[in-house]
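**Student:** This is the structure I want to talk about, given as structure tokens.
Any read-out appearing in this document is the output of simple, stated calculations on the displayed coordinates, not a laboratory observation. Predicted, not measured: the structure shown is a model, and the values here were computed from it. When we count neighbours, we look across all protein chains shown, and the Cβ atoms used for this are built from the backbone with ideal geometry, even at glycine.
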Amino acid sequence: ALIPVSARQFKVTGYASQATQELFASERGLVTCVMPATAYRDFGNVLATAQRSGFALANLKTLSEAGAPDQIYLAAELVGCISGAEGDQQLWDRVFRGATEPGLRSVQVRRSTPESAVLFRGSSTTATFDHCALLVVKPHAVREGHTGEIVNSLIDANFEISAMQTFSLSRKEAENFTEVYDGVIPKSEYANLTSELSSGPLVAIEVRAENCVEELRKLVGPHEIEVAKRLRPTSLRARFGLSDTKNAIHCTDLAEDGQLDSGYFFDILLNQPSPAH
């Protein structure tokens, strides 16, 4: 069996019990879903439906066809129960459980292969670095299966999603990204922030809109969860946050920082040399 850990695939070579072996070795597997540009408004619904069907997000990346940078499509790798599924149609049925929405019907679902893994590699990006803001779905919210609902909320609020990708940050990378807060917020709070951001795969999303940063902060809600629940109960943090550290979302604070925040993920991290093995 293959399992995703921090956006990397690891082969399981042993199990603690026969029950665990039967669960992982016979039932779970990786599938790759490709959502065409025509299904853009259903990107979140595709992810949410798959996650409700018991599939967890392993990899995610927006891509564009050569010569058509505005036509963004989405590739997602999911892990879940595919035991007994033979052929692409049965895999689709396992992931989407007979859904009838046209956007979902247009999604291609196949078993993941070394060839399909190429979709998620490389430094290519659909990010524009222009009139944008960055939203990060924190690792705990990714693990809890909220990515699709958050993407739905962004699209419903008329934000343009111009780039989206999973990343796994080292502690140092998390500190580099959040260094502006070092010394501004309490030391323990800063340590908790960087620990959460480096605790597993997160989803970085570049969004665009008029008054982008201001409108995004309204949708995201206050940093403090109890304040968010009282004053902005429909905000993303109020809906998906667990605590002030695990508050589901990190987002751009200042209008002038949108390009810098997006550039950290979709330029600096994507173009840094791969670690030697």
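**Student:** Return the inverse of the average 1/r over all pairs of distinct C-alpha atoms in segment 42-163, which is the Kirkwood hydrodynamic radius, in Å to one decimal.
**Tutor:** 15.5
**Student:** While we're here: Given N residues in segment 219-277, what is Rg(Cα) / (2.2 N^0.38 Å)?
**Tutor:** Scaled against compact globular proteins, the figure is 1.49.
**Student:** Which FRET efficiency value, to the nearest 0.05, is calculated for Thr100 and Asn158 with the Förster distance at 30 angstrom and r the Cβ-Cβ distance?
**Tutor:** Computed FRET efficiency for Thr100 and Asn158: 0.70.
**Student:** Let me ask something else about it. Roughly what angle does helix 147-156 make with the longest principal axis of the chain, taking Cα atoms, 0 to 90 degrees, to the nearest 10?
**Tutor:** Computed tilt is about 60 degrees.
**Student:** Let me ask something additional. Skipping prolines and chain starts, which residues have an amide H placed within reach, meaning under 5 Å, of the one on Arg28, given they are 5 or more residues away or on another chain?
**Tutor:** Ile82
**Student:** Here is a follow-up. Under a point-charge model restricted to the Cβ atoms of Lys and Arg (+1) and Asp and Glu (-1), what is the dipole moment magnitude of the chain relative to its Cα centre, in debye to the nearest 20?
**Tutor:** 900
**Student:** Under 18 Å between alpha carbons, and skipping anything fewer than 8 positions from Lys187 in its own chain: which aspartates and glutamates qualify?
**Tutor:** Glu173, Glu175, Glu179, Glu196, Glu224, Asp244
**Student:** What's the extension gain from Arg110 to Ser64 if we count 0.36 nm per residue and subtract their Cα-Cα distance?
**Tutor:** The span from Arg110 to Ser64 would gain 14.6 nm if fully extended.
**Student:** How far, in nm, would the chain grow between Ala16 and Val118 when pulled straight, counting 0.36 nm per residue and subtracting the alpha carbon separation?
**Tutor:** Full extension from Ala16 to Val118 adds 33.5 nm.
**Student:** Okay, next question. Name the lysines eligible as straight-distance cross-link partners of Lys61: C-alpha to C-alpha under 17 Å, and not fewer than 8 places from it in the same chain.
**Tutor:** Lys138
**Student:** State the Cα centre-to-centre distance between segment 252-269 and segment 164-179 in whole Å.
**Tutor:** 12
**Student:** Still on this structure, please answer the following. Report, in degrees rounded to the nearest 10, the 0 to 90 angle that the Cα long axis of helix 18-27 makes with the longest principal axis of the chain.
**Tutor:** With rounding to tens, the tilt is 90 degrees.
**Student:** Hey, another quick one. By what distance, in whole Å, do the Cα atoms of the chain stretch along each of the three principal axes, largest value first?
**Tutor:** Computed over the chain, the largest-to-smallest principal extents equal 53, 44, 43 Å.
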